[in-house]
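In what follows, a single structure is set out as C-alpha cells and then discussed.
Read-outs: derived from the displayed coordinates by stated rules, not from any lab. Model, not experiment: these values are computed from the prediction. In this analysis, Cβ positions are derived from the backbone assuming ideal geometry, glycine residues included, and neighbour counts consider all displayed protein chains.
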C-alpha cells in the first residue's frame, strides 16, 4: 500500500487553498516553479547537513513545502478548468528534478557512498518513468508498488528528523545514508512491480 492512495482524503483541503491561491493571482505554472525552488533548497540543506545536522530539519521543511505546492498546482488547474497536457508535462519534469535535488543532496553531501546514491536515483527515475509510460500506453497513470513518490518523501523526512536526533554514523552511514540504501532497494523493487503490472494489462 502506498501513500498515493491518501490523495482523495487530502484533496478537499488542498482545493480550499487552491481557491485562495487563484484569488491571490497565482497561476498553476507559477506554483509548479515554486515547488521546484523548494526542492532545490531542500537539496542544498541536505548537502550541508553532514556538517550541521540541524540543516536536515530545514530540509524537511523545504521537502514539505515542495510536496504541498506540487499538489496545489494540479488542484488549481483543475479548479480553473485549464488542466492541459503542457501542465501535466511540466509537473512531471519538475517532479523528476525535485527527486534529483533531494536525493542528490543527501548522497553528494556524504551521507552514503555516491555509487549507492546513483543506484537509488536511477531506481526512482525508472519507477516514475514506468508510471508515466503506463499513461502513455493508455492504461492510465500508475502509482502502484512498494515505494511511490509520497512514500519516498515521507521516508526521507522521517530519516532526516531521526538524523537530527542522532547524527552519529551507524555501520558507516548516517540515518539519512541508510535511508538512501533503503531507497536503492525499494525503488527497484517498485520498478519491477510496475513492469509486471503494466505488462499484464497490455
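Were the residues from residue 61 through residue 83 laid out at 0.36 nm apart, the gain over their Cα-Cα distance would be 5.1 nm.
Taking the longest Cα principal axis of the chain as reference, the axis of helix 55-80 is set at about 10 degrees.
Stretching the chain fully between residue 195 and residue 54 yields a gain of 46.9 nm (0.36 nm per residue, less the alpha carbon separation).
Could you list 30, 79 in order of exposure, starting from the residue whose Cβ has the fewest other Cβ atoms within 10 Å?
If I rank by nearby Cβ atoms, fewest first, I get 30, 79.
Where does helix 175-201 land angle-wise versus the long Cα axis of the chain, in degrees 0 to 90, nearest 10? It works out to around 40 degrees. Each of 103, 82 was scored by other Cβ atoms within 10 Å of its Cβ. Listed from fewest to most, they are 82, 103. Net length available on complete extension from residue 202 to residue 93 is 36.7 nm, with 0.36 nm assigned per residue and the Cα-Cα distance removed.
Between the helical axis of 28-48 and the longest alpha-carbon principal axis of the chain there is an angle of about 0 degrees. In this structure, residue 118 and residue 161 have a Cβ-Cβ separation that, at R0 = 22 Å, corresponds to a calculated FRET efficiency of about 0.30. Computing Kirkwood radius over Cα pairs in Å for the structure here picks out one of [x] 17.9; [y] 18.8; [z] 17.4, namely [z].
Based on Cα contacts under 8 Å between residues 6+ apart, the chain shows a relative contact order of 26 percent.
Springs join every pair of Cα atoms under 10 Å in this Gaussian network model of the chain, and among 57, 90, 36 the largest mean-square fluctuation is at 90. Most fluctuating residue of 25, 172, 81 in a GNM of the chain with Cα springs under 10 Å: which is it? Of 25, 172, 81, the most mobile in the Gaussian network model is 25. Between residue 27 and residue 168, the FRET efficiency from the beta-carbon distance, with R0 = 35 Å, is close to 0.15.
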